[in-house]
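The values are calculated or read from the model by the stated rules, or taken from the named source; none is laboratory data. On a predicted model such as this, the values are computed, not experimentally measured, just so you know. As a convention, Cβ positions derive from the backbone with ideal geometry for all residues, glycine included, and neighbour counts pool all protein chains shown.
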Amino acid sequence: MLELKNIFFSIRSEDGSSKDIIRDLSLTVKDNTFTVITGPNGSGKTTLAKLIAGIEKPTKGQILLDGKDITEAGITERAKAGIGFAFQAPVRFKGITVYDLLRIASGKRITPAAACDYLSEVGLCARDYINREANASLSGGEMKRIEIATVLARQSRFSVFDEPEAGIDLWSFQNLIRVFRSMREKISDSSMIIISHQERILEIADEIAVIANGKIEKHGKREEIFPTLIGTEAAQDACARLK
């Protein structure tokens, strides 16, 4: 179980004043659940993802993993503890192949056959990608799916995806939904946390947390929360982007 307790995160403005991005936020993510965190632009979603991953550290409050305080733990320590993170804009690597990325992500030696299995999970033909460089020759949608494959290879207990739909085309988005739906159906001994305001991703969640002005406004089962979002920015944004 992942617990965020009374989290604050502040930044310094140019005039020296302090601004709270996250304010007294508390959230519990249960084991074996698919949780979507949504909210309007500027509400603190990406900052929250970075706090969970250890990219940023809270100004105040605690982050607990299975009851252990990991508030001061960095990215590497959290990754070893079982928290994986997929960036909003996947990092590209010149000179590193997709196979290299999967081996590094897994933290162990894996065979080309095992790497191909991870690529197949995200709908990519392994023979077309395994030896390609993870560079600018790949589209945004391809890189998104490859990054998801690396998260699968890592086998994290808590996998965090920051707006995985950002910057990709309709075709790639439809494939991402298929991938996440498949991951949701196979979820076992792990949890997924997706930062998104896309209706189709919200529809396949177990639980939805709504963040506004740096605080959790609502949190509950999808069937309870999703109907309250219809007609809001969170529910309408997907339709606007896909027209």
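Summary table below
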{"item": "Contacts under 8 angstrom Cβ, first residue in segment 105-127 being under 19 Å from residue 86 (Cα atoms), partner acidic (Asp, Glu), 6 or more apart", "result": "124/142"}
{"item": "Test: residue in segment 70-83 that is at negative phi, at pLDDT 95 or above, not hydroxyl-bearing (Ser, Thr, Tyr) and not in a loop (DSSP other than H, G, I, E, B)", "result": "no"}
{"item": "Considering residues of segment 94-127 that are buried (at least 19 other Cβ atoms within 10 Å of the Cβ) and assigned to a loop (DSSP other than H, G, I, E, B) only, the residue farthest from the chain's Cα centre (by Cα)", "result": "124"}
{"item": "Top-ranked residue of segment 128-138 - restricted to ones that are surrounded by 14 or more Cβ atoms within 10 Å (Cβ to Cβ) and among the aliphatic types (A, V, I, L, M), ranked as nearest to residue 176 (Cα to Cα)", "result": "138"}
{"item": "Subset of segment 9-35 that is more than 30 Å from residue 206 (Cβ to Cβ) and assigned to a strand (DSSP E or B) - its residue that is modelled with the highest pLDDT", "result": "10"}
{"item": "Candidate set from segment 60-83 (those that are in contact with a Leu (Cβ under 9 Å, 6 or more places away or on another chain), closer than 20 Å to residue 151 by Cα and of a type outside the set (Val, Ile, Thr)); member that is surrounded by the most Cβ atoms within 10 Å (Cβ to Cβ)", "result": "78"}
{"item": "Boolean, residue 169 is modelled with pLDDT under 95, surrounded by fewer than 19 Cβ atoms within 10 Å (Cβ to Cβ), touching a Gly at 6+ places or on another chain (Cβ under 9 Å) and more than 13 Å from residue 37 (Cβ to Cβ)", "result": "yes"}
{"item": "All positions within segment 128-166 that are in a helix (DSSP H, G or I), in contact with a helix residue (DSSP H, G or I) (Cβ under 8 Å, 6 or more places away or on another chain) and farther than 29 Å from residue 43 by Cβ", "result": "129, 142, 149, 153"}
{"item": "Tabulated pairs, segment 129-151, first more than 15 Å from residue 112 (Cα to Cα) and at pLDDT below 80, second in a helix (DSSP H, G or I) and of a type outside the set (Ser, Thr, Tyr), C-beta under 9 angstrom, 6+ apart or interchain", "result": "141/171; 141/173; 141/175; 141/176"}
{"item": "Filter pass, residue 169 being closer than 21 Å to residue 104 by Cα and not aromatic (Phe, Trp, Tyr)", "result": "no"}
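For every residue, the table says whether it meets (1) of a type outside the set (Val, Ile, Thr); (2) under 24 Å from residue 42 (Cα atoms); (3) crowded, with 19+ Cβ neighbours inside 10 Å; (4) out of contact with any Phe, Trp or Tyr (no Cβ under 7 Å at 6 or more places or on another chain).
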site	(1), (2), (3), (4)
174	yes, no, no, yes
185	yes, no, no, yes
189	yes, no, no, yes
192	yes, yes, yes, no
202	yes, yes, yes, no
209	yes, yes, yes, yes
214	yes, yes, yes, yes
217	yes, yes, no, yes
228	no, yes, no, yes
